[in-house]
Each structure stands twice: as structure tokens, then as C-alpha cells.
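> Sharing a structure here in C-alpha cells format.
Computed from the coordinates by the stated procedures, all read-outs in this text should not be read as laboratory data. Values in this document were obtained by computation on a predicted structure and should not be read as measured data. Because the Cβ atoms are built from the backbone with ideal geometry, glycine has one as well, and the counts that use them run over all protein chains shown.
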Amino acid sequence: MNSHARLISALFLAASLVLPAKSATANDLSVDDYVSFHNLELRTRPVGDELSQLIIHPPMPHDVAPMAAIETAARTRECLILLAANLDAFEAKLGEVKSLVGVAAKMDDRGDELKVLDLLNIVASGFVAGVKFERQKVDFVVAKSACSQDGATIAKSQEMLRFYGEAALLVQSIIKRIAAYSQH
């Protein structure tokens, strides 16, 4: 977790300890929004764990010569390392958005809330653009000739892309709600 993400997480923790929970209105954010991000984040963790296990113990084909099997496993490992790095970057960015959603959900002063929502809008917009880029990088990894024939890489990339799509939709809905709320 980078220092920016740690700062945002610390802000959320401080806000959750100090600020009272507020009731949600039609256009502002609530703790339920934070929970939605948290649940998505929890669902991505097993994929990261599986990638780690596959990197440590890549699948070895049994229908080829031993040296060819080792070369195939090494190529698979390289592909999985690229996917794991991509997933780590995605999870860090998702954590930043989640933390800001949590802080915004705890704000009870309109001025403070608007400041947090402005920051969240910037971070969320960057997240959506970043997800597009992360998706392209996953597609690039899968398109590499060494990775395109590897079942483990294909399966994990499909799971990752599904999470990326869910996250983009979730963040886009937050951006729309911020825009509507900021106009009031």
C-alpha cells in the first residue's frame, strides 16, 4: 500500500472514530456504499492468493518432455507475475476510492463533505480511467503468445476483468451521485 493510500485509510479510520454516523439521503454516500466497496475488495483477495500460489507452484504439463514442461511452467509463471502486479495496482486504487467513500459517508458538515466529495470525484474519475488502462494491460498479457495458450493465465485474467468491470460500474455510480449531490 503506497503512502497516499495509507493516508486516506488513516483519514477514514479517524473519521469513523470521531464523526457520528449520519443518515443517508438520496444523493449522498452512506456506510452501505463503503460496504459495497469493501465486499468487492474482499472478493478480489482470493484471486490474488490464487495467483500467488500459482506463481509459487505453476501448473506443469504432463504430456510433454520434462524440459518442455519446465519451460512452459516458467512462461506461465512470468504471465502470472504480470497479472499479479496488475491486480495489486487495481486493489490499491480501489482501496483509495473505498476509503474516501467511507470518509464522505461519515461527514456531517456540508462544507467538509463537499471537500471530501470533490477529492473523491477526482480520485474516482482517475480510478475509472485507470481501470481502462489496467484492462488493456491484462488483455496485453493474455495476447502474448506465451500466455495465450496458458489455461491458468486465461482463467485468472477473466476473473480479474470481471472484477474490474464491477468496480468501474460501482465507481461510476458514485461519480454520478456526487455530481447530483454537489448541485444541491
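> For the range 28-182, would you read off the P(r) tail past 26 Å as a percentage of all alpha carbon pairs? Spell out each step's value before the answer.
Working: 4382 of 11935 pairs.
Of the Cα pairs, 37 percent sit more than 26 Å apart.
> When K93, K98, K132 are ordered from fewest to most other Cβ atoms inside 10 Å of their Cβ, what list results? Before the final figure, lay out the partial values.
Working: K93 22, K98 26, K132 11.
Ascending number of Cβ neighbours within 10 Å: K132, K93, K98.
> If you place +1 on the Cβ of every Lys and Arg, -1 on the Cβ of every Asp and Glu, and leave all else neutral, what size is the dipole of the range 28-182 about its Cα centre, to the nearest 20 Debye?
Values: 17 positive and 22 negative charges, 68 e Å.
Dipole magnitude for the range 28-182 comes out near 320 debye.
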